[in-house]
Amino acid sequence: MVNVCSLCKKAEMKEVEDQVEEIGTRKTVVTDTICDNCAQRYPDSLVKAHFDHFRYALKLITGETLFFTDADILGDYATLTLDKSPGSDDGFELNAPRGVDVRIDQIVWCIDTGNG
Ligand SMILES: [Zn+2]
């Protein structure tokens, strides 16, 4: 069975069961849709934000904290949809109705804020 990675679109020549074994159960939501290269390249919570609308935060190497609800990952960049809900006011404020493009290698940490 040939799977196609949802992030890089490259064919992944592995059985789904093998990916689940190699990557582990912590990514069960997305393990059957991304390849090993993408699983190693992108933070878990950023990958989750690509598939699952929720509340996330990340810190850039330049010091800003961004709160976001979705991430569209493409190569070296992720386009974040910023979270304007209460509780996200502590971070860096941007007027970015079409999202903000962030370089993957400039992310210090990224979290899924939980509670849902
Ligand atoms: Zn991939």
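Length available on full extension from Asn95 to Gln40: 0.36 nm per residue minus the Cα-Cα distance, which gives 16.7 nm. Local charge for Val108 was computed over the other residues whose Cβ lies under 13 Å away, with Lys and Arg +1 and Asp and Glu -1, and equals 0.
Bear in mind these aren't lab numbers, they're just calculated from the coordinates by the rules spelled out. This structure is a prediction, so every number in the text was calculated from the model and none was measured. Positions of Cβ are backbone-derived with ideal geometry, glycine not excepted, and every protein chain shown enters the neighbour counts.
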